[in-house]
Amino acid sequence: MGVRRLEQYIKPNIIIYMLLLGGFLIGMVISFAGSKGMGTMELLWLDSTIMYLKYGEIQYLDMLFYIIKKRLGTILLLLLLCMSGKGKYFLLGGVALAGCFLGFFVSEFIISKGIMGSIFLFISLFPHYLCYIFAYYQLLKYVQSMGDIKTNINRLGQRKTKNTTADSYNIIKKLSPIAVVIIGILLECYVNPFFLKIFLKFFM
């Protein structure tokens, strides 16, 4: 029974896993073929970030505003792209691009900082990226049933003025990715630096 449930979950999403893995491998190939490690500016940025997290005092409010601007801007752009009628392709392309970036940076961190550098990179993505990945997956599911902008506007115009339980549920369901991203932002700002400081204190 457990195997069947796992198959039912994996099979519809196999293209997502393949794109992510393919992008990851391409990113690694680009890294190893195109350079012998990070450039001077990237190394200085990484070293300064490590020193700041290890010895500095984190300005949480400034970090929060920066992350809000970065993450919410991205998800709003994705929502607009999703309404274009080609949202599925935009999001699948984003999966491949994310895999490519991940593969590239893992390789670069290994070349420049060794295995501890790659571990540092993965810790820097935890736990907030669990929220971002979930929100992205939810968007990917929703766009499969969405039409283009004109169709969506017509649907809104055809809605009855009274609020029904189903309508309220659908609105909450469609807004849930934004709520999950907000949770991710708070985790990225207030929880992730704590894990990074612990790791840097004992291992780097």
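Provide the packing ranking of 185-193, 70-78, 52-60, i.e. peptides ordered by the mean count of other C-beta atoms within 10 Å per residue, highest first. Show your work: numbers first, answer last.
Details: 185-193: 17.7, 70-78: 14.4, 52-60: 12.1.
Result, highest mean first: 185-193, 70-78, 52-60.
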(message) Sort 96-105, 194-203, 122-131 by packing, meaning the average of other beta carbons within 10 Å per residue, with the highest value first.
(response) 96-105, 122-131, 194-203
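Each reported figure results from applying straightforward, stated rules to the coordinates on display, with no laboratory input. Nothing here was measured: the structure is a model prediction, and the numbers come from that model. Every residue, glycine among them, receives a Cβ derived from its backbone with ideal geometry; neighbour counts consider all protein chains shown.
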